[in-house]
Amino acid sequence: MDLWAPEKKFRPELEGVRTVAALLVAVYHIWIGAVSGGVDVFFIVSGYLITTSLVSKMEREGRIHFGEYWLGLARRLFPLAFTVLLFVVAGSILLVPESQWKQIIGEVIASGTYTQNWYLATSAVDYLGQTNQASPLQHFWALSIQGQFYLTWPFVILFSFWLARKVWKKPQRKTLLGILLVLFTLSMTYSIYRTAVEQPWAYFDTFARAWEFSLGGILALLLPYLRFTKVMGFVLGWIGLSIICLTGILLPVSTVFPGYAALLPTGGVIMIIIAAENGSYFGVEKLLGSKPFQAFGSVSYGFYLWHWPLLIFYYAKTGTDKITLIPGLAIMISAAALAWISVKMMEKPVRQMSVRTSKKKLILTLALFLFTVMGSNSAWGYYVHQKGEETYATKDYPGAIAVSEGITPSEGKEPAPSPALVKEDLPSFYDQSDCFSNMEDDRVTKCSMGDTKNPEHTIALVGGSHSGHWFPALEELSDDLHLQIDIYNKDACRFSADDFDGALNTSCMEWNKTVVEMLKEDPPDLVFTTANVGRGDTVPKGYLNQWKKLEGVTEIFAVRDNPAMEGDPVSCVEQNGIEACSPKRSDVLSAEAPWENLDAQPSNVTFADLSESFCQDDSCPPVVGNVYVYRDYHHISTLYSKTLSGPLEEPLRRALE
C-alpha cells in the first residue's frame, strides 16, 4: 500500500516499518486467518509522510499545485494497482466459481475508483450480502481509504495555512497542529462510538479511520520537539517494534478495530519514529534501516497488492481453506517476485515521466491503465448480464415441479440460473426500498403486490428473509388465485413475540409489536410466515404466542422452514458436482414435522410441509429439476421459489377456503 508519498527527508527505518507491516499482513492472512493490525501501521506512517511533504511544500512555495500533486500520486499508485486489477479479472474468469463473478465485477469498479471500503462496509452490514465470500480484491479497502485521504489532505493543510495567515494571524504550524488535534478528537470519538454500535461498518469507514492519519500528522509536527536520551530511544524503539509484531496476537483486530484498541499498533509506530530521531548504536532503526529491510520496503506496496489475490486463487484452485507451510511460502515468494517484476516493468517507467515536462504523455499512460481494466471488466460484466437474459422452459427446468408432478427434466442441461447471477436474483420486492426494513430499522413497511386491482384474497407475508423468499411462489399464484400480497418484511427478523434464541435484536422486537397492531387494524385473509427455524423440530413458543394474538382476527399459514446447506451450495456444485454437495436428509431435516410435537395445535393456524421439494429419499440436493434450490447456504433461489408455486398451491387453496 502507499506509504510512498513524497517526503522531504528520507527515513530508512520507515522502509523497514513497511517491510514488517507488509509481512505481518501476509503471514496473518495466509497461516493464521486473522488480521495483524499492519494496515493501521501503514495509515499512521502515511499521515506522517504526507503531512511532512505538504507542510514543507507550503512553507517553501506558499502553495500546493493540486494538478501536479494528484498526477504525481496517480503516477505512483496506478501502475501497480491497475496491473493487479487486470490480473484479478483474468484470474477470476479462469479460477473463481461463476457464483462469485458478479461480486468481483462490482469490486473491480469499487477498487478502481478507490471506494472499495464503502462497498465492503455496505456488504458487512447488509443482511442479504453477508454470505458474500472473500474476493481477490478485498484488500483494496485499505488502498481506497488511503486514496481518499490523499485527495482531501491538501485541503486540510491549505485551509490551516490560510486560517493562520489571514484570520488568526498565528504561526502556521501551531494552527495546523490545533486543527489536526480537533480532527483527531472528532474522528477518534466517532470511531469509538461506531465501533461499539456497528463494528463491521466502522472497520471500513473512512471517518472512523481518519484519526490514524491525523495522528501521523501530529507526530510530524511535534517530532522536532521530542528529544530523549539514547537509552530511552533504544528502549522505545524495540518496545514499539514488539508492539507492532504482537498486536494481532494480543487483540482480535478484526472485531475490535478501529476504536481505541488501534492505538496499540499506531503507538508502536510512533515509538519507532521517535526512537530513530534519538538513535543509538543498537537501536531498532539500525535493523529497520538495513539494506535487506530497505530493499523489501521498496516493493512492499506491490507485495501487499499481489499476496491476497494469489491466496484467494490458491483457495479457489485447490478447494482447501487451510494452507500449510510450503504452499504458504510459495505464495509469499511469488508475491515478492511479482512485486519486484511489476515495479521494474510497470511502475518504474511511469515514475520516470515528469509531471511537468511530460504531463500529456503521463496522463495518456495512466488513462491507458484505467481504460484497459475498466474496459475488460465491462466486457466481462456484459457477458454475465447476457446470461441473465436467458429464459427457462418448464420442460427443461421444472425445479420443484419435477418432484410434485413427477416430471423428468431434460438431460444435459446446466443448472439454472447462471451461477454468476443466482445470488443476485432476489425476490422482486427487494427492488423497492419501501418494501422492507433493514436489520437496524424498527419502522414497519407495508408493500402490496400481486393482484391489487380486484383481489379475492389478501395474504400478508410476514417475517424476515425466510418468509420473503417465498414471495416468488406467491407471486406466481397471484393471478390464478387473485391474491393481493401485503409484504411486511424486515431483515434478520422473525414473526415472534419474544427473542427465544438470542438471534433477534431490539429493533426486531419493536417491529413485531407494531406489525401485530397493523394486522389487527387491517386484517388480511391469511398471514403467511414460517413455522420453525432451520432443522428445528419444534415450533418456537415465541411464534405460538404471536399467532395467538391474532386469534379471532385472521388465520395463519405457517410453512416449514427449508433445510440449510453446509457452505455455499452453488460454488460447491460448480467445483464438485451435485452429488458431492448433497447433505444427508437426517443431518439437515428433522424426521418429524415441528408441529407434531405440540400438545395442542393453535386453532387459527394451518401448517404446510413442503420438505419433499427440498429432500428426496435420503439426501437434500442443491439442484432439483435442473434448478439451483438455494442462492446461498440457507435462502431459496428466486427461480426455485417460483417453481414451488406448484406444490404450494393445494395447501394454500385449502387454507383460503
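The values are calculated or read from the model by the stated rules, or taken from the named source; none is laboratory data. This structure is a prediction, so every number in the text was calculated from the model and none was measured. Cβ atoms come from the backbone with ideal geometry, glycine included; neighbour counts cover every protein chain shown. When the accessible area is computed, the model is the full protein with side chains, heavy atoms only, and any ligands, DNA or RNA have been set aside. Shrake-Rupley method; radii C 1.70, N 1.55, O 1.52, S 1.80 Å.
Would you be so kind as to identify which of Ser428, Met565, Gly178 lies farthest towards the positive end of the dipole of the chain, taking Lys and Arg as +1 and Asp and Glu as -1 on Cβ and the Cα centre as origin?
Towards the positive end, the residue furthest out is Gly178.
Explain nothing, just compute: Karplus ³J(HN,Hα) = 6.51 cos²θ - 1.76 cosθ + 1.60, θ = phi - 60°, for every residue of region 54-60 in order, whole Hz, x for Gly and Pro.
Result, rounded to whole Hz: 5, 5, 4, 5, 5, 6, 7.
When each pair of different Cα atoms in region 369-458 is counted once in the 1/r mean, what is the Kirkwood radius in angstroms, to one decimal? Write down the numbers at each step before the final one.
Details: mean 1/r = 0.0572 Å⁻¹.
17.5 Å is the Kirkwood radius here.
Please report, in whole Å, how far the alpha carbons of region 40-174 spread along each principal axis, starting with the longest.
61, 32, 24
Could you tell me the extents of region 555-644's C-alpha atoms along the three principal axes, largest first, rounded to whole Å?
47, 26, 19
What does a probe at Trp162 reach in region 32-73, counting residues whose amide N is under 13 Å from the point 7 Å along Cα→Cβ?
63-64
Ranked from highest to lowest mean number of other Cβ atoms within 10 Å per residue, what is the order of the peptides 15-24, 35-44, 293-302?
Working: 15-24: 25.5, 35-44: 27.3, 293-302: 21.9.
In decreasing order of mean packing, 15-24, 35-44, 293-302 become 35-44, 15-24, 293-302.
Got a sec? What order do Phe207, Phe257 fall in by accessible area at 1.4 Å, biggest, i.e. largest, first? Intermediate values should be presented prior to the final figure.
Numbers: Phe207 135, Phe257 0 Å².
My answer, sorted largest first, is Phe207, Phe257.
Using the alpha-carbon centroid of each, what span in Å lies between region 179-226 and region 368-402?
42
If R₀ is 60 angstrom, what is the calculated FRET efficiency for the pair Asp434 and Lys360, using the beta carbon separation as r and rounding to 0.05? Walk me through the numbers before you get to the answer.
On the way: r = 50 Å, r/R0 = 0.83.
With a Förster radius of 60 Å, E is 0.75.
Let's test this: bin the Cα-Cα distances of region 440-542 at 5 Å from zero up to the farthest pair and state each bin's percent.
Per 5 Å bin, starting at zero, the Cα-Cα P(r) for region 440-542 comes out as 2, 13, 23, 24, 18, 12, 6, 2, 0 percent.
I need the Kirkwood Rh of region 343-496: take the reciprocal of the average 1/r across all distinct C-alpha pairs and report it in angstrom.
Numbers: mean 1/r = 0.0492 Å⁻¹.
One decimal place: 20.3 Å for the Kirkwood radius.
Can you check what the Kirkwood hydrodynamic radius comes to for region 175-294, Cα pairs only, in Å to one decimal?
Values: mean 1/r = 0.0651 Å⁻¹.
Evaluated on region 175-294, it is 15.4 Å.
Determine the gain in length on full extension of the stretch Asp321-Ala295; use 0.36 nm per residue of separation and subtract their C-alpha separation, reporting nm with one decimal. Intermediate values should be presented prior to the final figure.
On the way: separation 26, 0.36 × 26 = 9.36 nm, distance 3.18 nm.
Fully extending the segment from Asp321 to Ala295 adds 6.2 nm.
Compute the label zone of Thr189 within region 209-223: residues whose backbone N is under 17 Å from the point 7 Å along Cα-to-Cβ.
Of the residues in region 209-223, 209-212, 214-215 have backbone N under 17 Å from the label point off Thr189.
Roughly speaking, what % of Cα-Cα pairs in region 430-484 are separated by over 19 Å, rounded to a whole number?
Numbers: 429 of 1485 pairs.
Of the Cα pairs, 29 percent sit more than 19 Å apart.
So, R0 is 25 Å and r is the distance between the beta-carbons of Phe10 and Leu329; what FRET efficiency does that work out to, to 0.05? Before the final figure, lay out the partial values.
Details: r = 31 Å, r/R0 = 1.25.
The calculated FRET efficiency here is 0.20.
Rounded to two decimals, what is the ratio between the C-alpha radius of gyration of region 482-597 and 2.2 N^0.38 Å?
1.26
Based only on Cα atoms, what mean projected area does the convex hull of region 97-246 have, in nm²?
Details: hull surface 48.4 nm².
Mean orientational projected area (region 97-246, Cα hull): 12.1 nm².
Among 542-551, 601-610, 83-92, how do they line up by average Cβ neighbours within 10 Å per residue, starting with the highest? Walk me through the intermediate numbers first.
On the way: 542-551: 19.0, 601-610: 17.2, 83-92: 21.8.
In descending order of packing, they fall as 83-92, 542-551, 601-610.
Distance check, please: which entries in Lys169/Lys286; Lys57/Lys361; Lys395/Lys490; Lys230/Lys344 exceed 31 angstrom between their Cα atoms?
Working: Lys169/Lys286 42 Å; Lys57/Lys361 25 Å; Lys395/Lys490 35 Å; Lys230/Lys344 39 Å.
Too far apart for the 31 Å limit: Lys169/Lys286; Lys395/Lys490; Lys230/Lys344.
Take the alpha-carbon centre of region 252-280, take the same for region 15-31, and report the distance between them in whole Å.
What the calculation gives is 15 Å, centre to centre.
Take the alpha carbon gyration tensor of region 237-314, find the square roots of its eigenvalues, order them as a ≥ b ≥ c, and report rounded if a/c is under 1.5; if not, report prolate when a/b exceeds b/c, else oblate. Spell out each step's value before the answer.
Details: a/c = 2.74, a/b = 1.20, b/c = 2.29.
It is oblate, given that a/c is not under 1.5 and a/b is not larger than b/c.
Report D for region 293-376 in µm² per second (integer): Stokes-Einstein, Kirkwood Rh on Cα pairs, 20 °C, 1.002 mPa s.
Rounded to a whole number, D works out at 144 µm²/s.
Report Rg (one decimal) and Dmax (nearest whole number) for the chain, counting Cα atoms only, units Å.
29.1, 90
Taking θ as phi - 60°, what are the ³J(HN,Hα) couplings along region 272-284 by the Karplus curve (6.51, -1.76, 1.60), each to the nearest whole Hz, with x for Gly and Pro?
Each residue of region 272-284 in turn: 5, 5, 5, 4, 5, 6, 10, x, 9, 4, 10, x, 5 Hz.
As a test, work out the antiparallel percent of DSSP beta bridges whose residues both lie in the chain, rounded to the nearest 5.
So the antiparallel bridges amount to about 30 percent of the total.
Please give the per residue accessible area of region 559-648, computed with a probe of 1.4 Å over protein heavy atoms only, in Å².
Values: 3450 Å² over 90 residues.
Accessible surface, normalised per residue, equals 38 Å².
Any idea what the dipole of the chain comes to, in debye rounded to 20, about its Cα centre with Lys/Arg Cβ at +1 and Asp/Glu Cβ at -1? Mind showing how you got there, number by number?
Working: 53 positive and 67 negative charges, 1216 e Å.
Dipole size: approximately 5840 debye.
Which value at 222 nm does the chain reach when only helices count, each DSSP H run of 4 or more adding -39,500 (n - 2.57), with the total divided by all residues and rounded to the nearest 500 deg cm²/dmol?
Details: 27 runs with 365 residues, N = 657.
Result for the chain, helices only: -18000 deg cm²/dmol.
Quick check on packing: order 506-517, 145-156 by the mean number of other C-beta atoms within 10 Å, highest mean leading. Could you put the intermediate results ahead of the total?
Working: 506-517: 17.4, 145-156: 20.0.
Descending packing order for the listed peptides: 145-156, 506-517.
List, in order, the whole-Hz ³J(HN,Hα) value for each residue of region 252-259 obtained from phi through the Karplus relation with A = 6.51, B = -1.76, C = 1.60 and θ = phi - 60°; use x for Gly and Pro.
Karplus values, whole Hz, x for Gly and Pro: x, 3, 5, 10, 10, 8, x, x.
Once ligands and nucleic acids are excluded and a 1.4 Å probe is used, how much of Asp442 is accessible, expressed in Å² to the nearest 10?
Accessible area of Asp442: about 80 Å².
Once amide H atoms are placed 1.01 Å from N in the peptide plane, what residues at a sequence separation of 5 or more from His469, or on another chain, have their amide H within under 5 Å of its amide H?
none
Based on the Cα gyration tensor of region 139-189, what are the three equivalent ellipsoid semi-axes, each the root of five times an eigenvalue, rounded to whole Å and given largest first? Write out the running numbers ahead of the final one.
On the way: eigenvalues 132, 34, 8 Å².
Taking √(5λ) for each Cα gyration eigenvalue gives 26, 13, 6 Å.
What per residue convex hull volume, in Å³, do the alpha-carbon atoms of region 270-317 yield?
Working: hull volume 5.0 nm³, N = 48.
Enclosed volume per residue, from the Cα hull, is 104 Å³.
Less than 19 Å from a label point 7 Å out along the Cα-to-Cβ axis of Glu405: which backbone N atoms in region 605-630 qualify, by residue?
Zone members listed by number: 610-614, 624-629.
Find the Rg to Rh ratio for region 31-100, where Rh is the Kirkwood radius over alpha-carbon pairs and Rg uses the same atoms.
Ratio of gyration radius to Kirkwood radius for region 31-100: 1.17.
Using +1 at the Cβ of each Lys and Arg and -1 at the Cβ of each Asp and Glu in the chain, identify which of Ser191, Tyr304, Tyr150 lies farthest towards the dipole's positive end.
Tyr150
Check which residues have an amide H placed less than 5 Å from Ile556's amide H, if you skip close sequence neighbours.
Val527, Val605, Thr606
Compute the separation of the alpha-carbon centres of region 541-603 and region 431-451 and state it in Å as a whole number.
23
For a quick check of your reading of the filter: which GluC sites (Glu not before Pro) in region 409-451 sit in a DSSP loop and have no more than 11 other Cβ atoms within 10 Å? List each step's numbers first, then the result.
Values: sites: Glu411, Glu424, Glu440; in loops: Glu411, Glu424, Glu440.
Filter output for region 409-451: Glu411.
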